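Visitor: First the structure, then my questions, so here it is.
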Amino acid sequence: MNSNKEEIDLDSLFKGLERVRNKFLSTCYHAIQFLIKSWYIFLILIILGGVLGYFSQKYGETNQEATVVIRTNFNSEQYTYNAIDVIAKKAKSKDTLFFKTNGLRADSLEIKNIEITPIFSFKDLTEEFKENGRDIDALLRNLNFQDIVEEKIEPFRSSFKYHTLTLTLSSVADEKSVESVLNYLNNQEVIKRLGEVGKKGIEEQIKVNSETLAQIDTVISTYSKGESLPSSSSQIFVVDKNFNISNILELKMELQKNNKELSEDLVFADKPIISIDSNIAVVDEKGILTNKVIFYPMLFVFLFLVFAVSRHLYRYIKTIAMKQ
């Protein structure tokens, strides 16, 4: 008895699954038939969308994007970020007077948006906290790789020398637009003064270090010969054979290393903010949404399918309602 009941239940289950399968296949068949019968509608929609997309793309405004790696010198990072925030706000409010005053086109705004993000560097970070080793230890313990990837390093952005500048530009913009932004940053009063004082300071420090190195070489040479050194008052004094020459040598190496670093900094010291990229590239934004010749036909076909499905669903619900 139980065996017959189980067979009936399994038979009902298989028949139910078969009905579901047949219903699904029937729906697919009718859908394919609908698509075949409506081929001319799809063709018209694709042609209309393509034509509309072509003329919209040809005569409409398209955005461009420029990405530039910049280096900030002489502790100008915070002032640079403040200046970028000003540009972003002025672009959002479409302040044509501001852009005209600062060498950018005002008849058709070149800049739509601008962002700046620091490029993480352990070297820059450790140099910032080298006076207090405990601070850097605590920071590195709490700063994991995920934080760096997600650029959750906003509080430390002034500690980094290199930054990525990303600009969303209008169709009238070109490489000169990016150069105008960099000129605006470098012409900010505080940043400009920092650049002038900073470059002069580097040159003077290199000169002082070089003079000290020359004096050290004289001391070492005299020490090795066991001779006396003349003082500034033309008096003679004898070099003490017991003084620690290793300290002098360590100081020499430290000054040489410092001069090497300063000379490298001097290469980038012509301006407070410089572009590291040899060529500033301005490129069109890519993607389906920006290619209107493809986007509009896809949009029209999608809307037609949504309308057809909604119409079929309405009729199905109406049929059920009439049977009640």
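Visitor: Condition test on Val190, is it at pLDDT 90 or above and in contact with a Phe, Trp or Tyr (Cβ under 6 Å, 6 or more places away or on another chain)?
Guide: yes
Visitor: Turning to a different aspect of this structure: Look at the stretch 29-46 and say how many of its residues are over 47 Å from the mean Cα position of the chain (by Cα) and either among the β-branched types (Val, Ile, Thr) or over 28 Å from Phe295 (Cβ atoms) (or both).
Guide: The number of residues fulfilling the criteria is 4.
Visitor: Would you mention how many residues in the stretch 95-114 are in a loop (DSSP other than H, G, I, E, B), modelled with pLDDT under 85 and of a type in the set (D, E, K, R)?
Guide: Qualifying residue count, the stretch 95-114: 3.
Visitor: Then there's this: Any idea which residue in the stretch 243-264 is surrounded by the fewest Cβ atoms within 10 Å (Cβ to Cβ), counting only those that are in contact (Cβ under 8 Å) with a residue 24 or more places away in the chain and closer than 27 Å to Arg71 by Cβ?
Guide: My answer is Ser263.
Visitor: Going by the conditions given, is Ala214 among the small types (Gly, Ala, Ser), in a helix (DSSP H, G or I) and at pLDDT below 85?
Guide: So Ala214 does not fit the description; no.
Visitor: Mind listing just one residue for me: the one in the stretch 17-50 that is among the small types (Gly, Ala, Ser) and assigned to a helix (DSSP H, G or I) and, of those, surrounded by the most Cβ atoms within 10 Å (Cβ to Cβ)?
Guide: The extreme case among them is Gly49.
Visitor: Say whether the condition of being under 23 Å from the mean Cα position of the chain (by Cα), surrounded by fewer than 17 Cβ atoms within 10 Å (Cβ to Cβ) and not in a helix (DSSP H, G or I) is met by at least one residue in the stretch 173-183.
Guide: yes
Visitor: Please go through the stretch 188-225 and pick out each residue that is over 29 Å from Glu77 (Cα atoms) and surrounded by 14 or more Cβ atoms within 10 Å (Cβ to Cβ).
Guide: Listed by number, the residues that qualify are Thr212, Leu213, Ile216, Val219, Ile220, Thr222, Tyr223.
Visitor: Just to check your reading of the model, which residue among Ala66, Ala91 is open to solvent by less than 50 Å² (accessible area, probe 1.4 Å), free of Cβ contacts under 8 Å to residues at least 60 places away in the same chain and in contact with a strand residue (DSSP E or B) (Cβ under 8 Å, 6 or more places away or on another chain)?
Guide: Residue meeting the stated conditions: Ala91.
Visitor: Conditions first: (1) open to solvent by less than 100 Å² (accessible area, probe 1.4 Å); (2) modelled with pLDDT under 80; (3) not in a loop (DSSP other than H, G, I, E, B). Phe14 passes all but one, so which condition is the exception?
Guide: (1)
The values are calculated or read from the model by the stated rules, or taken from the named source; none is laboratory data. Note that the structure is predicted; figures quoted are calculated from it, not measured. So basically every Cβ, Gly included, is an ideal-geometry build from the backbone, and we count neighbours across all protein chains shown. Please note that ligands, DNA and RNA were not included when accessible areas were found on the heavy atoms of the full protein model with its side chains. Shrake-Rupley method; radii C 1.70, N 1.55, O 1.52, S 1.80 Å.
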